[in-house]
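Step one of this worksheet: look at the structure below.
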Amino acid sequence: GFILSDLSTCPGYGYENTNYYRGASINFYGIGNIHAVRDSYQKVCALCLSPNTSDIQWMQLVENTNWPSMTRLILSASWQTAFHVHYNRLPVLLHCSHGWDRTSQVAALSQLLLDPHYRTREGFSTLVEKDFLSFGHPFHTRCGHGEGKNEQGGDEGQLSPIFIQFLDCVFQLVNQFPDYFEFNARYLLLLSEHIYSCRFGTLLCDSEREREVVAGIRQRTYCMWEYLDSIPDLINPVFDRATSEKAGVLLMPLPMLLRNVTLWVDRFCMYGAKASIPCMPHGLQYPPQYFLRNHSILHTVGCGAESVLRRALEVAEMWRGTALNALKEVEELRKK
């Protein structure tokens, strides 16, 4: 049987009649269109950049932008798609009103959950090239590359951060299950910055024809994937390719995934007026190494008391080293 997943109910486009598809069912996920995404993105950006934002009501204000809710809807649709493909062995048809926005998001994310190859740097670039670039996601129309305000052919309403939203969904997976990805959150952050930088030709133009035939992007610009692959700091140090390939599918309980969705602070609060990103002493990193090493295997429960004690000892040793280094610096200053 088929599961036909229509991602929206936009008037004028319609959806399949199940009378023509025996054994099939249609699921509507109600994911917001480009206009809803743009409005929500503007709200969350304004919230993070404002110096007058209430810190007491921070989480409530973030939720009121509807950005986290949209992220959960996309992740839920992607999880459901991967679940039906993997466990029920059913083919799934995905489509939205046009087929190059929400369709690309859900299709790519479901493959990210199903296939460990797409959780590597090489695989992720292939996934974006396949499900966004080759399937006609209009990067120029959605991002307004090279266009000033009100200069995009009189249709400013077509601007929408669809690819940013996709990267945010990928960040949620990387943030919750870092050991399953070869790249880290900094990889996604740098990628998100170059969506609008126009430094590379990879994400320019609206179609493959425009990139290859009209603009000759490949011959005239640098490749963004080669640039990202050249930076060692973007590699996840705890990633184990053999373990990831052996684990195969990444299908956590859906409530676990959705309830741990958080604001992509590194992206949205990067230029904020208030401090939002934790600051650690020199020589330390965030999150701490113990957090990266002591991950819980899905569907299993470890020894809680032993894990807490081990973490406490590692934290104590970490701060002890920091204190000793500070004392050494004080002694050197006294000698001078």
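The values are calculated or read from the model by the stated rules, or taken from the named source; none is laboratory data. Here the structure is a predicted model, which means the values were calculated and not measured. Cβ sites come from the backbone with ideal geometry, for glycine too, and all protein chains shown count toward neighbours. For the accessible areas, the whole protein counts, side chains as well, though only heavy atoms, and no ligand, DNA or RNA atoms are used. Shrake-Rupley method; radii C 1.70, N 1.55, O 1.52, S 1.80 Å.
Quick check: is even one residue across the range 170-182 open to solvent by less than 40 Å² (accessible area, probe 1.4 Å), over 22 Å from SER230 (Cβ atoms) and modelled with pLDDT of 95 or more? Yes: one or more hits. Could you go through the range 95-102 and let me know if any residue there is within 24 Å of CYS223 (Cα to Cα) and modelled with pLDDT of 90 or more. Scanning the range 95-102 turns up no residue that is within 24 Å of CYS223 (Cα to Cα) and modelled with pLDDT of 90 or more. Per the conditions (1) in contact with a Leu (Cβ under 9 Å, 6 or more places away or on another chain); (2) in contact (Cβ under 8 Å) with a residue 60 or more places away in the chain, the sole criterion not satisfied by MET70 is (1).
Can we say PHE132 is touching a Ser or Thr at 6+ places or on another chain (Cβ under 6 Å) and buried (at least 21 other Cβ atoms within 10 Å of the Cβ)? Taking the combined requirement at face value, the residue satisfies it.
Got a number for residues in the range 252-272 being over 19 Å from ASN64 (Cβ atoms) and either open to solvent by 40 Å² or more (accessible area, probe 1.4 Å) or part of a helix (DSSP H, G or I) (or both)? Break it down into steps so the answer makes sense when it comes.
Of all residues in the range 252-272, those over 19 Å from ASN64 (Cβ atoms) come to 252-257, 260, 266, 270-271.
Pick out the ones that are also either open to solvent by 40 Å² or more (accessible area, probe 1.4 Å) or part of a helix (DSSP H, G or I) (or both) and you get 253-257, 260, 266, 270-271.
The number of residues fulfilling the criteria is 9.
Within the range 77-96, count every residue that is open to solvent by less than 20 Å² (accessible area, probe 1.4 Å) and of a type outside the set (Val, Ile, Thr). If you could, list the steps in order and put the result at the bottom.
Start the filter on the range 77-96 by keeping residues that are open to solvent by less than 20 Å² (accessible area, probe 1.4 Å), which leaves 77-78, 81-82, 96.
Cutting the leftovers down to of a type outside the set (Val, Ile, Thr) gives us 77-78, 82, 96.
The number of residues fulfilling the criteria is 4.
Considering only residues that are open to solvent by less than 20 Å² (accessible area, probe 1.4 Å) and hydroxyl-bearing (Ser, Thr, Tyr), look in the range 104-124 and name the one that is nearest to LYS246 (Cα to Cα). Among them, the one singled out is THR120.
For (1) open to solvent by less than 20 Å² (accessible area, probe 1.4 Å); (2) at pLDDT 75 or above; (3) in contact with a Cys (Cβ under 6 Å, 6 or more places away or on another chain), each residue gets a yes or a no:
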{"position": "GLY1", "(1), (2), (3)": "no, no, no"}
{"position": "GLY12", "(1), (2), (3)": "no, no, no"}
{"position": "TYR15", "(1), (2), (3)": "no, no, no"}
{"position": "ASN27", "(1), (2), (3)": "no, yes, no"}
{"position": "SER40", "(1), (2), (3)": "yes, yes, no"}
{"position": "TRP58", "(1), (2), (3)": "no, yes, no"}
{"position": "MET70", "(1), (2), (3)": "no, yes, no"}
{"position": "ILE74", "(1), (2), (3)": "yes, yes, yes"}
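Restricting attention to the range 297-336, the residues that are among the charged types (D, E, K, R) and at pLDDT 80 or above add up to 8.
Number of residues in the range 206-251 that are more than 30 Å from THR141 (Cα to Cα) and either open to solvent by 80 Å² or more (accessible area, probe 1.4 Å) or in a helix (DSSP H, G or I) (or both): the value is 10. When you check VAL170 against the structure, is it in contact (Cβ under 8 Å) with a residue 40 or more places away in the chain and not in a loop (DSSP other than H, G, I, E, B), yes or no? Against the criterion (in contact (Cβ under 8 Å) with a residue 40 or more places away in the chain and not in a loop (DSSP other than H, G, I, E, B)), VAL170 qualifies. Applying the criterion of being over 17 Å from GLY136 (Cβ atoms) and of a type in the set (A, V, I, L, M, F, W, C) to the residues of the range 196-205, the residue that is surrounded by the most Cβ atoms within 10 Å (Cβ to Cβ) is PHE200.
For SER160, state whether it is surrounded by 15 or more Cβ atoms within 10 Å (Cβ to Cβ), of a type outside the set (Phe, Trp, Tyr) and either assigned to a helix (DSSP H, G or I) or free of Cβ contacts under 8 Å to residues at least 40 places away in the same chain (or both). Break it down into steps so the answer makes sense when it comes.
On the way: surrounded by 15 or more Cβ atoms within 10 Å (Cβ to Cβ): yes; of a type outside the set (Phe, Trp, Tyr): yes; either assigned to a helix (DSSP H, G or I) or free of Cβ contacts under 8 Å to residues at least 40 places away in the same chain (or both): no.
No, not satisfied.
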